[in-house]
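*Asks:* Take a look at the following structure, please.
The values are calculated or read from the model by the stated rules, or taken from the named source; none is laboratory data. All values derive from a computational prediction rather than experimental measurement. All Cβ positions, glycine included, derive from the backbone under ideal geometry; neighbour counts span all protein chains shown.
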Amino acid sequence: MNRLQGKVAAVTGAASGIGRESARRFAAEGAKVLVTDLRGERAEDVAREIRDSGGQALGLKVDAGAEDDLKAMIDTAVGEFGSIDILFNNALNNNPDTIARDLDFLNFDPEVFHINMQVNVLGGVLATKYALPHMLKQGSGSIIFTSSTSSLGGEVTAFTYGATKAAVNWYVQTIATNYGKQGIRCNGIVPGVIVTESQQAWSNPEMDAAFLEIQNVPRLGKPEDIANMAVFLGSDEAEYCNGCLYQVNGGMTASTPMVPVVRKFLEDGQ
């Protein structure tokens, strides 16, 4: 407890899933938390839940694709809580309409590409742009981005999502390179299959079982798994961690692609 005592954190996409659990964990560890999401009422619900548990939090409607909202987010964190020490760029575009238009490469939709880049990449970059002057003034700060295992290889669907997360990876390392010597750290979390509302909207029991097959732990991921890493990266324990991409994926990338096939062969006694 109290690993983040005295720190101020802003979390985007915090009304549900990874963002919600991270905001809750930040507060439980002593941080004052600005809970932000496009769904402003749900962001305030999370903030109220934190306050009811004895923490300090404020909910704010923020469109991660709107620069004015992102500037207001940083201004609010500093104005209400006095500083900005942790910025967790977690928001992404999960609009069902754009997802449905991103499934066929032969019908690649440039509009979907630009929408996803605007929210998934530029949103975090601009939030960082506005947080950096405050962090530089105080000589410290932790910036965290949510990436994806989809950024690490080719996909057969969602033809812009992985590309946006690959861009996120580049910005993580570039921000770290530019500002690390001034005390600002920037790291990325690369989740595997995390069971959230968003994940359950596109997955099904058969897919979940298949995902479990390629992992090297006995369960799928939970939002708490990512929140645990976010707390570490936001804390002073991670002072020597900068420009890294932390894979939290149940060992999904630990083995070769042949392992599930061989494992099944051995289980069948052949």
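*Asks:* If you check A176 against the conditions, is it free of Cβ contacts under 8 Å to residues at least 60 places away in the same chain and either in a helix (DSSP H, G or I) or in contact with a helix residue (DSSP H, G or I) (Cβ under 6 Å, 6 or more places away or on another chain) (or both)?
*Replies:* Here the answer is no, as A176 does not meet what is asked.
*Asks:* Let me ask something else. Inside the range 170-213, can you point out the residues that are under 17 Å from N249 (Cβ atoms) and crowded, with 18+ Cβ neighbours inside 10 Å?
*Replies:* Listed by number, the residues that qualify are V172, N187, G188, I189, V190, P191, G192, V193, I194, T196, Q199, F211.
*Asks:* On the given criteria, is K165 free of Cβ contacts under 8 Å to residues at least 60 places away in the same chain, assigned to a helix (DSSP H, G or I), closer than 27 Å to G82 by Cα and among the charged types (D, E, K, R)?
*Replies:* Against the criterion (free of Cβ contacts under 8 Å to residues at least 60 places away in the same chain, assigned to a helix (DSSP H, G or I), closer than 27 Å to G82 by Cα and among the charged types (D, E, K, R)), K165 does not qualify.
*Asks:* How about the range 210-229: which of its residues are touching a strand residue (DSSP E or B) at 6+ places or on another chain (Cβ under 6 Å) and either at positive phi or small (G, A, S) (or both)?
*Replies:* Passing the criteria: only G221.
*Asks:* Still on this structure: Does S150 qualify as being polar (S, T, N, Q), free of Cβ contacts under 8 Å to residues at least 24 places away in the same chain and touching a helix residue (DSSP H, G or I) at 6+ places or on another chain (Cβ under 8 Å)?
*Replies:* Yes; evaluated as a whole, the condition is true for this residue.
Every residue, every condition in (1) in contact (Cβ under 8 Å) with a residue 60 or more places away in the chain; (2) assigned to a loop (DSSP other than H, G, I, E, B), yes or no:
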{"site": "K181", "(1), (2)": "no, no"}
{"site": "I189", "(1), (2)": "no, no"}
{"site": "A201", "(1), (2)": "yes, no"}
{"site": "M207", "(1), (2)": "no, no"}
{"site": "P218", "(1), (2)": "no, yes"}
{"site": "A227", "(1), (2)": "yes, no"}
{"site": "Y246", "(1), (2)": "no, no"}
{"site": "F265", "(1), (2)": "no, no"}
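*Asks:* Let me ask you something else. Evaluate the following for A158: is it in contact with a helix residue (DSSP H, G or I) (Cβ under 9 Å, 6 or more places away or on another chain), of a type in the set (A, V, I, L, M) and part of a helix (DSSP H, G or I)?
*Replies:* no
*Asks:* Among residues belonging to the range 8-55 that are among the β-branched types (V, I, T) and either closer than 19 Å to K222 by Cα or under 17 Å from the mean Cα position of the chain (by Cα) (or both), point out the one that is surrounded by the most Cβ atoms within 10 Å (Cβ to Cβ).
*Replies:* In this case the residue turns out to be V11.
*Asks:* Okay, moving on. Hey, any hits in the range 155-162 for a residue that's out of contact with any His (no Cβ under 7 Å at 6 or more places or on another chain), hydroxyl-bearing (S, T, Y), at pLDDT below 95 and surrounded by fewer than 20 Cβ atoms within 10 Å (Cβ to Cβ)?
*Replies:* yes
*Asks:* Please tell me if S147 is within 30 Å of A210 (Cβ to Cβ), out of contact with any Ser or Thr (no Cβ under 7 Å at 6 or more places or on another chain) and crowded, with 17+ Cβ neighbours inside 10 Å.
*Replies:* Against the criterion (within 30 Å of A210 (Cβ to Cβ), out of contact with any Ser or Thr (no Cβ under 7 Å at 6 or more places or on another chain) and crowded, with 17+ Cβ neighbours inside 10 Å), S147 qualifies.
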